[in-house]
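Heads up, the thing below is written out as structure tokens.
The values are calculated or read from the model by the stated rules, or taken from the named source; none is laboratory data. Since this is a predicted model, take the numbers as computed values, not measurements. All Cβ positions, glycine included, derive from the backbone under ideal geometry; neighbour counts span all protein chains shown.
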Amino acid sequence: MKLVISAGDPSGDIRAGELFRKLSALVPVEASGLGGSNLSSAGVNVIFNLEDYSVMGFAEVISSLNRFRNLKNEMKSLIISENPDAVLLVDYPGFNIPLAQWAKKKGFKVIYYISPQLWAWGRRRVRKVRKSVDLMITLFEFEVEFYNRHGVRAVCAGHPLVDAIPVPADSKPEGDLAFLPGSREQEVASLLDPMIDAYLILRSRGIARNASVAVTESVPSELYDRAGNTEGVTLVNSISASLQNASAAVVCSGTATLETALWGIPFIITYRTSRLTYLLAKLLVRGVDRIGMANIVSGKDVAPELIQNNVTPLKIAERIIPLLSESEIRLKSLSDIESVRKALGEHGAAERAARLLYNEIKHENP
């Protein structure tokens, strides 16, 4: 079996690497394309490294249009030369949906893993997906209902994080803080400083002693310098290392909120981007009144959200203080985050996704 894979952001690279390992156990397979260290270590020939193309936000994407145009042309050439059994697209919708349209017109089977959040901001783009994607493999059950309603073949595999974090930690109050400022340069640049300033407020009041910051390898190391030079703050190389001894966490709004919930750590959600990107998002997003993935998938506010100008050191500190003691707010948070695990499905998600992909291709090429 031969695939061309397009996974242009860090979380997509992780999920695609998990899927590829399970697929390799089912059938001999070779793959090449766009990805990062996880796909590379899984055995994929990563020709285009996601570190060169991982941006977020409308304004940021606009400033990178030439780079993406060149990448798109190179990916098209790769697909033509490899003539794969399927093109596997992983999240990264601004790039992958147009690529799906092109690949389908050229006669290639297109399988999409990790649904773009069209249910939030791209309902008009569902028609493009319906015409260009043979199978959508989702992480969340509510996405299947959305796609089926719009005529897209979709199946939920569940979320692999359930396997990665099978049981929550035994979180106790009055312990360490965990700061998860995101996996992209823009996120860390926007969020880490107010997180550290909030920690200094808490430390000065004798409320917090130590904190850890989850560092992402693909983010420039100098963005973590101030945190690393702050007394009581430790830089660690993974989200799990940051959370395992934490009493509470401050988390960027994406997948890390799911991980924190699965670890059983009370947390608050932060999100800040450029003013232009935020204004455009407010215009485009419809029918979704939450921004944190843990809140979205559970259908309720399991963690408070601080957005844009509300991401200040004082507001972060005020929201965290009740989570660092045996308060009613902390106890309610611990109870609420249990609903996130229920929403993410059963164990074995990556293997289910691999089998769905394998069966889709096998049906086409018996």
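Hey, does region 281-296 have a residue that's outside any helix (DSSP H, G or I) and either at pLDDT 95 or above or polar (S, T, N, Q) (or both)? Write out each step before concluding.
Initial filter on region 281-296 (outside any helix (DSSP H, G or I)): 285-292.
Right, trim to either at pLDDT 95 or above or polar (S, T, N, Q) (or both) and you get none.
Within region 281-296 (the criterion being outside any helix (DSSP H, G or I) and either at pLDDT 95 or above or polar (S, T, N, Q) (or both)), the answer is no, since none of the residues qualifies.
Take the residues in region 211-238 that are in a loop (DSSP other than H, G, I, E, B) and charged (D, E, K, R), then tell me which one is surrounded by the most Cβ atoms within 10 Å (Cβ to Cβ). Show your work before the answer.
Step one: list which residues in region 211-238 are in a loop (DSSP other than H, G, I, E, B), which gives 215-220, 229-232, 237-238.
Going one step further and asking which of them are charged (D, E, K, R), we end up with 217, 231.
Details: Glu217: 12, Glu231: 7.
Looking at the filtered set, the residue picked out is Glu217.
Taking interchain pairs and intrachain pairs at least six residues apart, which have beta carbon atoms under 7 angstrom, with the first residue in region 178-193 and on the phi > 0 side of the Ramachandran plot and in the same structural domain as Ala249 (by TED's automatic domain parsing) and the second among the hydroxyl-bearing types (Ser, Thr, Tyr) and surrounded by fewer than 24 Cβ atoms within 10 Å (Cβ to Cβ)?
Qualifying pairs under 7 Å: none.
Check whether at least one residue in region 199-210 is touching a helix residue (DSSP H, G or I) at 6+ places or on another chain (Cβ under 6 Å) and assigned to a helix (DSSP H, G or I), and report yes or no.
Yes, region 199-210 contains at least one residue that is touching a helix residue (DSSP H, G or I) at 6+ places or on another chain (Cβ under 6 Å) and assigned to a helix (DSSP H, G or I).
Can you tell me how many residues in region 1-52 are among the charged types (D, E, K, R) and not in a helix (DSSP H, G or I)? Can you show your working first?
Keep residues of region 1-52 that are among the charged types (D, E, K, R), which gives 2, 9, 13, 15, 18, 21-22, 30, 51-52.
Narrowing the set further to residues that are not in a helix (DSSP H, G or I) leaves 2, 9, 30.
Adding up the residues that qualify gives 3.
Within region 8-34, restricting attention to residues that are at pLDDT 95 or above and small (Gly, Ala, Ser), which residue is surrounded by the fewest Cβ atoms within 10 Å (Cβ to Cβ)?
Ala25
Identify all residues within region 324-358 that are part of a helix (DSSP H, G or I) and over 26 Å from the mean Cα position of the chain (by Cα); write none if there are none.
Of everything in region 324-358, those that are part of a helix (DSSP H, G or I) and over 26 Å from the mean Cα position of the chain (by Cα) turn out to be Leu324, Glu328, Ile329, Leu331.
Among the residues of region 99-112, is any at pLDDT below 95, closer than 21 Å to Leu50 by Cβ and surrounded by fewer than 18 Cβ atoms within 10 Å (Cβ to Cβ)? Give the steps one after another, and end with the answer.
The initial filter retains those residues of region 99-112 that are at pLDDT below 95, namely none.
Looking for residues that are at pLDDT below 95, closer than 21 Å to Leu50 by Cβ and surrounded by fewer than 18 Cβ atoms within 10 Å (Cβ to Cβ), one finds none in region 99-112, hence no.
Taking the conditions exactly as written (touching a Leu at 6+ places or on another chain (Cβ under 7 Å) and closer than 25 Å to Ile307 by Cβ), does Ala208 satisfy them or not? Break it down into steps so the answer makes sense when it comes.
Values: touching a Leu at 6+ places or on another chain (Cβ under 7 Å): yes; closer than 25 Å to Ile307 by Cβ: yes.
Answer is yes for this residue.
Return the only residue of Ser221, Ser240 being under 30 Å from Asn49 (Cβ atoms) and either charged (D, E, K, R) or in contact (Cβ under 8 Å) with a residue 12 or more places away in the chain (or both).
Details: Ser221 fails: either charged (D, E, K, R) or in contact (Cβ under 8 Å) with a residue 12 or more places away in the chain (or both).
Sole residue among the options that is under 30 Å from Asn49 (Cβ atoms) and either charged (D, E, K, R) or in contact (Cβ under 8 Å) with a residue 12 or more places away in the chain (or both): Ser240.
Specify which of the listed residues (Ser212, Ser183, Ser204, Ser218) is at pLDDT 95 or above, of a type in the set (Ser, Thr, Tyr) and within 23 Å of the chain's Cα centre (by Cα).
Just one listed residue meets the conditions, Ser212.
Quick check on my filter: what residues within region 241-260 are over 14 Å from the mean Cα position of the chain (by Cα) and buried (at least 24 other Cβ atoms within 10 Å of the Cβ)?
Ser242, Leu243, Ala246, Ala248, Ala249, Val250
Could you list, in sequence order, all residues of region 128-152 that are in a loop (DSSP other than H, G, I, E, B), more than 22 Å from the chain's Cα centre (by Cα) and modelled with pLDDT under 95? Even if it seems obvious, please write down each step before you answer.
Here is the first cut: in region 128-152, the residues in a loop (DSSP other than H, G, I, E, B) are 133-134, 139-140, 150-152.
Add one more test, that the residue is more than 22 Å from the chain's Cα centre (by Cα), and what stays is 134, 150-152.
Answer for region 128-152, where residues must be in a loop (DSSP other than H, G, I, E, B), more than 22 Å from the chain's Cα centre (by Cα) and modelled with pLDDT under 95: His150, Gly151, Val152.
Give me the pairs, please: first residue somewhere in region 95-109 and within 21 Å of Gly35 (Cβ to Cβ) and among the small types (Gly, Ala, Ser), second residue anywhere and part of a helix (DSSP H, G or I) and at pLDDT 95 or above, beta-carbon distance under 7 Å, and either six or more positions apart or on two chains.
Pairs that qualify, where the first residue is within 21 Å of Gly35 (Cβ to Cβ) and among the small types (Gly, Ala, Ser) and the partner is part of a helix (DSSP H, G or I) and at pLDDT 95 or above, are Ala100/Ser132; Ala103/Ile79.
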